[in-house]
Amino acid sequence: MLRDLAERPFVIGHRGASGYRPEHTEAAYLMAFALGADAIEPDLVATRDGVLVLRHENEISGTTDVASRAEFASRRTTREVDGRPLTGWFTEDFTWAELSTLRATERLGGIRPHSASFDGRYPILRFRDLLGLLDAATDESRRIIRLVAEFKHATHFAALGLPLEELFAAELSAAGWGRGDDRIVSESFEPGLLDRLVLAGVRGTRVLLIEDRGAPYDLVASDGSAAKRYDAFVSERGLLELGGIVHGVSVGKGRLVGGGRGAEVGAEVATARRARPDAALRGSDLVDAAHAAGLAVYTWTLRPENRFLAPEFRRGASRSAWGDWLGEFTRIMDTGVDGVFVDHPDLGFEARAAYFDSEYLP
């Protein structure tokens, strides 16, 4: 019998334990399982022959050794992705057989030299490979480990005849995962992709990712300058409209840091929020309004290095040195968030334990 041992907030291994090993590699995922992650999060992009692979982006020069491979030099090109020109090597220009010859590299090598020392050791993975690893880890640990699948550039891939939702549904069926498996969480910056997942028969939990600025690209493609902006989705009105359509929102941590419950001013805040139902919310105001609308809230990405911490939590001048990550992580947890994406799952658990110590509770 499987046990669901997760407490809240869920600790989600961001691309595996990507703070310790190059992201999206078998080593990163196995470490995340070993560290007890409640869930793991892969990014999904497609190959020319319709295979879902795990990469941060479809442009892979920063996460593989493709730029050093003479046989693929001619594949370097410039493409428009989500309305912006980008030069490099793209998964949609390769078959899986070709991509399988590449090796992963650390995307943040200047910040994480230890992880970069593993460059070239690991091949890249297909989504089906990860499902096999996840099944094995579930059997071994006898606990539920959730899958939080992020779909990258869905409109771009659909235009190439590579609909990510259909490829995803087919992969789940082939691996013996039910399309309604309650371990599955699907997330995207494009709300249309989440709608199409339902049409493809994939149920589970659906989460809209919220950027710090701009608008979802699928809405930009259809509505131009009139596209609904991300800020509108995290207003009180926007969250109420999302309730019943998706199950949650996932926001960049910048929308939460600095807005813990200790910073609230009670009835005055609530009154101001009601007076401006279209204003973007922050901190625990955002979390409380989402919960009132029946939505869960997740946040990304918690990292210990100064480069990624809010200014008040940085310590020293080195960007790669670890600052007061515990202070920032517990501040974020104080908003009432339901799940946190972390590069170092053990730090997520340490912060969760520290937060629930009486020292951090109101």
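Within the range 58-135, which trypsin sites (Lys or Arg not before Pro) sit in a loop by DSSP and count at most 14 neighbouring Cβ atoms inside 10 Å? Mind showing how you got there, number by number?
Working: sites: R69, R75, R76, R79, R103, R107, R121, R126, R128; in loops: R69, R76, R107, R121.
Within the range 58-135, the qualifying trypsin sites (Lys or Arg not before Pro) (loop, at most 14 other Cβ atoms within 10 Å) are R76, R121.
With all protein chains present and a 1.4 Å probe, how do K228, K152 order by accessible area, largest first?
Per-residue accessible area, sorted high to low, gives K228, K152.
Given only helices, namely DSSP H runs of n ≥ 4 each adding -39500 (n - 2.57), what is the per-residue ellipticity at 222 nm of the chain, to the nearest 500 deg cm²/dmol?
Only helices count here, giving -8500 deg cm²/dmol.
Give me Rg/Rg_expected for the range 1-95, where Rg uses Cα atoms only and Rg_expected = 2.2 N^0.38 Å with N residues.
On the way: Rg = 16.4 Å, N = 95, 2.2 N^0.38 = 12.4 Å.
Here the Cα radius of gyration is 1.32 times the empirical estimate.
Suppose we take every Cα in the chain and form the convex hull; what volume per residue is that in Å³?
Considering the Cα atoms of the chain, their hull volume per residue is 143 Å³.
Considering the range 155-261, what Rg and Dmax in Å follow from its alpha-carbon atoms?
According to the Cα coordinates of the range 155-261, Rg and Dmax are 15.1, 47 Å.
Using a 1.4 Å probe, what is the accessible area per residue for the chain, in Å²?
Heavy-atom accessible area per residue stands at 41 Å².
On the accessible surface of the chain, probed at 1.4 Å, how many percent belong to carbon and sulfur atoms?
Answer for the chain: carbon and sulfur cover 50 percent of the accessible area.
Would you please state the base-10 log of I(q)/I(0) at q = 0.13, 0.16, 0.22, 0.24 1/Å for the range 63-147, with intensities from the Debye formula using one equal scatterer on every alpha carbon?
The Debye formula, applied to the Cα set alone, gives -0.61, -0.84, -1.12, -1.16.
Can you tell me the alpha carbon radius of gyration of the range 183-226 divided by the globular rule-of-thumb value 2.2 N^0.38 Å?
That ratio works out to 1.25.
How big is the dipole moment of the chain about its Cα centre under a simple scheme where the beta carbon of each Lys and Arg is +1, that of each Asp and Glu is -1, and everything else is neutral? Debye, nearest 20, please. Display every interim value, and only then the final one.
Values: 44 positive and 55 negative charges, 83 e Å.
Magnitude of the dipole: close to 400 debye.
If I take R0 = 45 Å and measure r between the Cβ atoms of A116 and R276 in this structure, what FRET efficiency does the formula 1/(1 + (r/R0)^6) give, to the nearest 0.05?
It comes out at approximately 0.45.
Any chance you could check the Cα centroid distance between the range 129-207 and the range 18-94 for me, in angstrom?
The two parts, judged by their Cα centres, are 17 Å apart.
Could you tell me the calculated FRET efficiency between D129 and A353, based on Cβ-Cβ distance and R0 = 22 angstrom, to the nearest 0.05?
In this case the efficiency is close to 0.10.
The values are calculated or read from the model by the stated rules, or taken from the named source; none is laboratory data. Remember, predicted model here, so these are calculated numbers, not experimental data. A quick note on method: Cβ atoms are made from the backbone with ideal geometry, for glycine too, and the neighbour counts reach across all protein chains shown. Heads up: the accessible areas ignore ligands, DNA and RNA and are worked out on the full protein's heavy atoms, side chains in. Shrake-Rupley method; radii C 1.70, N 1.55, O 1.52, S 1.80 Å.
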